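Written below as structure tokens is the structure these notes are about.
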Amino acid sequence: MIIRDRKQRLEFLDALRGLAAAYVVIYHTILIPNPSLVLPRWARTLAMGGYTGVTLFFMVSAFSLYFTMPLRLRESHPTRAFYLHRFFRIAPLFYVLLIASLIRDIVRFDVTHSKFDIASSVLFLFNLVPGRETGIVWAGWTVGVEVLFYAVFPLVYRRVRSAADAVTFGVIAVLAWNVIQSALVYLAVPEPLRASIGQWSVFRHLPIFAAGILTYRIYTSMDPAKIDNGQYVDIGNALLVSGFLCYVALLEGWLPNVFGDLYYWQGLAYAGMFVGLGLSPWRLVVNRATRYLGKISYSLYLNHPTVVLILTPAYRWLYGHTPYATVSLLASVGLTFAVTVPLSILTYRLIEAPGIALGKSLGARWQAKSGAYGLESRPELPN
């Protein structure tokens with residue numbers, strides 16, 4: 001089925017980015033202070049599930065890459081255009097925060113990093129270094145995973161062309177990850193190293209990207225006119241509720257470990273909510289605020305850990321002067337956003353946006369140069 005123009009933004013996609021970033025920020029506001037912030041009973045289950053915001057990030061990333069790839073295919077060198085766009089989308093902010101992290105670690109913790117660790121971060125290869133998968137930039141481990149997925153994405157896009165292909169890709173990725181884990185045990189890899197690989201390795205997260213591709217295939221199989229006219233609202237509502245119930249069941253420990261890793265239930269739960277929100281964009285979820293958070297989500301995500309560290313004494317003060325844990329928690333989370341959002345707006349405008357513009361400018365120049373030499377537009381990948 002023909003889908004809408006890729007130049008048109010999907011508002012629910014921006015909202016999901018923003019909500020994913022906000023969920024992780026809330027989680028780290030609670031977890032980073034040592035000891036962690038005290039939670040009221042009502043908030044414990046959902047608040048401590050904030051780490052799953054990263055899962056949603058990965059799925060949104062896979063969906064977005066598929067959604068925008070046709071734009072790259074219109075250029076004379078699609079693969080080069082894809083990598084150029086991706087690099088200038090993530091590298092400028094990451095490199096600035098890498099420098100800031102090196103300075104922070106020296107000043108605050110009296111810690112220096114080896115040339116090898118710095119080089120692996122500059123080259124975005126740290127996820128491939130056992131025991132060093134988290135990199136130097138706090139929360140930047142996800143960037144290491146994303147970049148490796150970008151590296152193979154043109155091949156994935158060429159091969160995974162349908163919902164059935166996405167399911168097959170996911171099943172193969174799950175089986176491969178279980179084989180890798182078994183091999184680590186057989187090879188007697190030390191437990192700390194095995195645990196590090198088991199949590200951060202890109203191979204663990206590939207099935208989640210497959211879930212994101214599946215959501216794209218399901219969503220784009222729908223008639224866009226019917227989506228716009230609200231004819232799929234009931235289906236969307238059912239998927240939203242079902243996905244949320246599956247997510248709660250996962251957090252409560254009610255689901256069986258049928259994949260070898262309970263982590264993959266997150267992909268299924270979020271897939272339901274993801275597609276459901278696309279078909280029925282609840283205003284409570286998809287609105288101007290969440291869409292704007294989506295716009296600055298990359299800055300919000302990478303900026304917040306250091307902000308939380310700096311604000312920890314303020315959280316302690318709030319908890320010491322407020323008799324109710326609910327009030328203390330909400331005030332602490334509110335303070336985190338009050339500082340992190342303006343900072344992220346600043347880094348988006350001063351670093352991210354110019355980087356994106358530079359990437360587009362270089363791409364346009366190369367495109368014009370190719371035209372000047374009489375090269376015809378021949379996509380390297382099938383449309």
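What follows is calculated from the coordinates using simple rules that are stated; it is not laboratory data. Please read all numbers here as calculations on a predicted model, not as lab measurements. Cβ atoms come from the backbone with ideal geometry, glycine included; neighbour counts cover every protein chain shown.
Using a/c under 1.5 as the rounded threshold, could you call the stretch 232-334 rounded, prolate or oblate? The axes a ≥ b ≥ c are square roots of the C-alpha gyration tensor eigenvalues, and prolate needs a/b larger than b/c, oblate otherwise. Because a/c hits 1.5 or more and a/b exceeds b/c, the stretch 232-334 counts as prolate. Each of H205, H304, H321, H85 was scored by other Cβ atoms within 10 Å of its Cβ. Arranged with the fewest first, they read H321, H85, H205, H304. The phi-based Karplus calculation (6.51 cos²θ - 1.76 cosθ + 1.60; θ = phi - 60°) puts the 3J(HN,Hα) values of the stretch 157-168 at 4, 5, 9, 9, 10, 8, 4, 4, 4, 5, 4, 4 Hz, whole numbers, x for Gly and Pro.
What is the sum of charges, Lys and Arg at +1 and Asp and Glu at -1, for the other residues whose Cβ falls under 13 Å from the Cβ of Y292?
Counting the neighbours of Y292, the net charge comes to +4.
Straight-line cross-link partners of K295 among the aspartates and glutamates, defined as a Cα under 15 Å from its Cα and at least 8 positions apart when in the same chain: E11, D14, E352. Each of L250, L65 was scored by other Cβ atoms within 10 Å of its Cβ. Listed from fewest to most, they are L250, L65.
Rounded if a/c is under 1.5, else prolate if a/b is larger than b/c, else oblate: which is the stretch 223-263, with a ≥ b ≥ c the root eigenvalues of its Cα gyration tensor? Write out the running numbers ahead of the final one.
Numbers: a/c = 5.26, a/b = 2.76, b/c = 1.91.
It comes out prolate by the Cα gyration axes.
Both the radius of gyration and Dmax for the stretch 171-253 are 18.6, 58 Å, in that order, over alpha-carbon atoms.
Quick one: order R217, R158 by neighbouring beta-carbon count within 10 Å, fewest to most.
Numbers: R217 20, R158 11.
So the residues, fewest neighbours to most, are R158, R217.
When N is the residue count of the chain, what does its C-alpha Rg come to as a fraction of 2.2 N^0.38 Å? In units of the 2.2 N^0.38 Å rule of thumb, it is 1.01.
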